[in-house]
Amino acid sequence: MKHIIRNKIKNMIGQKVIIYIDRPIGFKHPNYDDIIYPINYGYIKEIVAADNEFQDAYLLGVNEPVQSYEGIVYAIIERENDIEDKLIIVANNNEFTIEEIEELVNFQEKFFKHKIFK
């Protein structure tokens, strides 16, 4: 199942999507008080992920809390030790290096073995 979904989201790179933000900048993680979101985090309704929920995604390039945003699927974080991969959505044709993405999502991804693909 994860392999099928991974292939589907790889095909989305470069496509416009709407990300719905349920953890905006400054949000405290519901289970871990020491994790504060420095970037907007949400989901894409068009894809059901391997956990049977909407596909989770990070929004880069918007530096204020938002409720939703139309952006471009820019990269994928493939988690090796979790059921679900994460999408990277960018705003306004921003560009980020793998290293910049890694730094921006490290607050949460540091807990998972992963690779980032653009």
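Within the chain, what whole-number % of the accessible surface is contributed by carbon and sulfur, with the 1.4 Å probe and all protein chains included in the calculation? Accessible surface attributable to carbon and sulfur in the chain totals 48 percent. Taking a ≥ b ≥ c as the square roots of the eigenvalues of the Cα gyration tensor of the stretch 19-112, is the shape rounded (a/c under 1.5), prolate (a/b larger than b/c) or oblate? Rounded shape, in that the Cα axes give a/c under 1.5.
Run through the stretch 80-118 and list the GluC sites (Glu not before Pro) located in a DSSP loop whose Cβ has at most 11 other Cβ atoms within 10 Å. Please list the in-between numbers first.
On the way: sites: Glu80, Glu84, Glu95, Glu99, Glu100, Glu102, Glu103, Glu109; in loops: Glu80, Glu84, Glu95.
Of the GluC sites (Glu not before Pro), the ones in loops of the stretch 80-118 whose Cβ has at most 11 other Cβ atoms within 10 Å are Glu80, Glu95.
Neighbours of Ile36, meaning other residues whose beta-carbon lies under 13 angstrom from its beta-carbon, give a summed charge of 0 when Lys and Arg score +1 and Asp and Glu score -1. Taken about its Cα centre, the stretch 29-89 carries a charge dipole of about 220 debye when Lys and Arg each add +1 at the Cβ and Asp and Glu each add -1 at the Cβ.
When the chymotrypsin sites (Phe, Trp or Tyr not before Pro) in the stretch 1-56 are filtered for DSSP coil states and for at most 11 other beta-carbon atoms within 10 Å of their beta-carbon, the remaining sites are Tyr32. Solvent-accessible surface of the chain, taken per residue with a 1.4 Å probe and all protein chains present: 56 Å².
The values are calculated or read from the model by the stated rules, or taken from the named source; none is laboratory data. Everything numeric here is computed off the predicted structure, so don't read it as measured data. FYI the Cβ positions are ideal-geometry reconstructions off the backbone, even for glycines, and counts take in every protein chain you see. When the accessible area is computed, the model is the full protein with side chains, heavy atoms only, and any ligands, DNA or RNA have been set aside. Shrake-Rupley method; radii C 1.70, N 1.55, O 1.52, S 1.80 Å.
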